[in-house]
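Some notes on the structure that comes next.
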Amino acid sequence: MTTTPIYEEKQQDIFELEQLADKELKDFSKLMTFDTASIQILRNRQRYQIGAFGFSKDNNPRLLRGIDHDEQIKPSITEKKIIIEDDVDDKNERYWNKKETPKVRSWICAPLIVDDEVIGLLTIDHYLPKQYSYKKHGKLVKDFARDVAGRIKQWLSLHESKRRAEQLESLIAIGNQLTSDIKLNEDELFSLVEECAREALNIHNVTIWMVNDAEKVYPVKASRDGELITVKEKNTCAKGWEPRSKNGGKGKVRYILDNDRSLVLYSQYIFGEEKYVLLSNDGEEYPFSSLPNEKADDKVPDCWIGVPIKLKNKVVGTITAFSWGHKYQFAAEYDSKILEVLSDKTAIALDNIRKYKEIAKLEHVINFTHEVTSKITLSERKILELIHKHASEFMD
C-alpha cells in the first residue's frame, strides 16, 4: 500500500477546482467592473477561498473566518440574500475587517445556492465608494452566482463520489488483510492500520493510541505529513510521546476514551481575538488547547477527528487524524464513519492476534507437559531443567 499516487491525484483535483474558479471570475470581470473578487466554498461551518481575482492566489485553498465569527457575511448565508454595501468606510471593526481589506469601499456578497442549499459565496470589491447598487447589479450578480454554483456543485459531487469509491476500495482491501492474517504481530497490525487511515482519508496526519495495563495512554504509531515519526526509542517512548494518564486532563483522546464516542472538530479563527478554537459541528466550543494561538498558516489544523477502538465492549484505544494546509476535501463527518469501520476491523484483528497468541502459549504448555510425562523416570534435577527451559515460553 502507498499513499503517494492518491495524494498527488487529490492535489491535482484541488488545482483543477482553483482553475475553474479563477476562470469564472476572469470571465465575469468582462461583464462587471471590480478590483478584487473571490469564490469561496462552505464546508463544516468553514469558508475556503478557492478562486481569486486581483490579489494573490498563493495560499488557495485558504481558510477564512468561520461562519459564526464573520458578521459581514453571515446574513448572506443564513438569509440566502445578496448584500451590497456602497461604502464600507463607516462600518465598525467588528463588522468589517479593515486590516485585511483596507482599500475596499464598495462590496458585494452573494450566496452560491444549489437546490436551496448555500454551498459557497461570491465576493466582489471595488476601491471606490458608491460603485454598486441592487438596481444596476443585483440581477447580474444573482445570475452569475447561480451559474457558477451549479458548475462548482457538479465538480464537487463528481469528485466526492470518486473519493468515496476509493475509500471503500481501500477499506475492503485492508479489512480482508487485517481479519485474515492472524499471524501478524500487534506492531505490524498498527502499521497497516495507520497506513490505511492515511490512504482512505487522503490525510497525512494519523496517530493510534492504546491503553496499557497501567491505564496509561500511549502512542503506538504516528505520522505527520505522510511520514512515520518515531514514537518509540528502544523500550521507551520518544520525547514528547510519553504515556499520558487516562484519568487526567481534558484532552481529546481522553474524551473519546471516557465517553466511548467519536469526536469531530473543526477549527475556526476568532476575529479580534487572533486565535483559533475547536468547534463541533453544532457550534459547541470544546476546551481543548491543542491549536496554536496564532493567525492562519499551513500548520494550523482545520479538522480533527478521533474514533474509539473497542475490544469486547471495552475502549482500548483510539485512532485520530487531522488535516492542515486547509484541505477542504477532508469531509470529517463522513470520514469519521470511515475511521469507525477501520476501527472495528482493527479490533477484530487485534482480538484474533491475541487469541492466536494464547493458542500458541497453550501449545507450548501441551508440548512441555508431553515432554515431561514421556520422561517421567528422569531425575528431579532433569525435570527442573525442563521447567526452566520452557518457562520463558509460558511467560511471553
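The values are calculated or read from the model by the stated rules, or taken from the named source; none is laboratory data. These figures come from a predicted structure and were not determined experimentally. Please note: Cβ atoms are built from the backbone with ideal geometry, for glycine as well, and neighbour counts cover all protein chains shown. Surface accessibility is based on the protein's heavy atoms, side chains included, excluding ligands, DNA and RNA. Shrake-Rupley method; radii C 1.70, N 1.55, O 1.52, S 1.80 Å.
Structure data summary
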item	result
Average silhouette area of the range 102-224, convex hull of alpha-carbon atoms, in square nanometres	13.3 nm²
Filtered GluC sites (Glu not before Pro), the range 202-244: DSSP coil and at most 14 other beta carbons within 10 Å	Glu215
Of Lys74/Lys130; Lys162/Lys345; Lys312/Lys337; Lys81/Lys135; Lys74/Lys135; Lys80/Lys142, those spanning more than 18 Å from alpha-carbon to alpha-carbon	Lys74/Lys130; Lys162/Lys345; Lys312/Lys337; Lys74/Lys135
P(r) tail fraction, the range 145-195 - alpha-carbon pairs more than 17 Å apart, %	54 percent
Under 12 Å, Cβ to Cβ, from Lys312 - net charge with Lys/Arg +1 and Asp/Glu -1	+3
Largest to smallest accessible area among Asp89, Asp115 [probe 1.4 Å]	Asp115, Asp89
Stretchable slack from Lys74 to Ser161, in nm (0.36 nm times residue separation minus alpha-carbon distance)	28.4 nm
Trypsin sites (Lys or Arg not before Pro) restricted to DSSP loop in the range 154-216 with at most 12 other C-beta within 10 Å	Lys183
In the range 94-178, GluC sites (Glu not before Pro) in a DSSP loop with at most 11 other beta-carbon atoms within 10 Å	Glu100
Solvent-accessible surface (1.4 angstrom probe) belonging to Thr33, in square angstrom, nearest 10	100 Å²
